[in-house]
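What follows is calculated from the coordinates using simple rules that are stated; it is not laboratory data. None of the values given here were measured: they were computed from a predicted structure. All Cβ positions, glycine included, derive from the backbone under ideal geometry; neighbour counts span all protein chains shown.
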Amino acid sequence: MLAGAELFCDQRLVSHLPPPPPPELPDRLLQAGAGRRIIMHGMHSVSDSLSFAVCEDGELVHSLCLSPDDGIEENIGEPYDFELPYRAGEHPVEPMFSEDPYPLPFHPLELGELALRAFFGFIVEGKIEPDDIDPLDVHLHAFRVADPTGREQAERTARCSPGNRGAAHGRHTAHARRVVTFDAGRATGNRRKSLTVIMILGA
């Protein structure tokens, strides 16, 4: 389904809501995506936020970023077919813990799962369709890359300091969603707070 694709999963990109525009992507991604399609997808269950973007040869074609707290932060380009019923209000959210209506016409994570299926052929949560790929069948190798200068770790520590936690979209709260992580050729279930995927398609 995704022949020739290159997959990038990077915690350093999780905080980008909305997704960074093409010129602000790391150089390694821009080089790998030259003349190709780049798909960026991120979900965060603590803040119920969703962001995804599609770039063709360095040009942003469509992006959507929203959360119940901040509303629609970015909406560029024509929506894809899988978005239309949600944008039309056909999948309202039933409030569970409050009488107040949900601030959005749909739940961002539900649309995020459909985006995963449309872009990558699998979902993390929800009803599995016959044509869905089982991510547990896809074996990948994971690598931990360290910055020898220590600059990146210092910046991450500064972002996670008590004074900055409010701007981190709740990354350090106890709530989490279940996602799939891959390690040394075997897939394992783990508890994570967010999922960010960048895939580059094309020859």
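Length gain on complete extension for the stretch residue 90 to residue 57, per 0.36 nm per residue less the alpha carbon to alpha carbon distance?
That works out to 8.5 nm of additional length.
Convert 10 °C to kelvin, take the viscosity as 1.306 mPa s, use the Kirkwood radius over C-alpha pairs of the stretch 64-124 as Rh, and evaluate the Stokes-Einstein diffusion coefficient in µm²/s, rounded to a whole number.
127 µm²/s
For the stretch 35-106, would you read off the P(r) tail past 22 Å as a percentage of all alpha carbon pairs?
28 percent
Would you please give the FRET efficiency between residue 139 and residue 98, computed as 1/(1 + (r/R0)^6) with r the Cβ-Cβ distance and R0 = 45 Å, to the nearest 0.05?
The formula returns an efficiency of 0.60 here.
Please list, in order along the stretch 99-110, the HN-Hα scalar couplings obtained from phi with the Karplus expression 6.51 cos²θ - 1.76 cosθ + 1.60 (θ = phi - 60°), rounded to whole Hz, x for Gly and Pro.
7, 6, x, 5, x, 10, x, 7, 8, x, 6, 5
Gain in length, residue 132 to residue 157, computed as 0.36 nm per residue apart minus the alpha-carbon separation, to one decimal in nm?
Working: separation 25, 0.36 × 25 = 9.00 nm, distance 3.82 nm.
Residue separation times 0.36 nm, minus the Cα-Cα distance, leaves 5.2 nm.
What residues have an amide H closer than 5 Å to that of residue 122, excluding those fewer than 5 places away on the same chain, when H is modeled at 1.01 Å from N in the peptide plane?
HN-HN under 5 Å from residue 122: 117, 133.
Pop out the ³J(HN,Hα) list for the stretch 133-139 in order, Karplus 6.51 cos²θ - 1.76 cosθ + 1.60 with θ = phi - 60°, rounded to Hz; leave Gly and Pro as x.
7, 7, x, 5, 8, 9, 8
What does the net charge come to around residue 58 if you take all other residues with beta carbon closer than 13 Å to its beta carbon, with K and R at +1 and D and E at -1?
Local net charge: -3.
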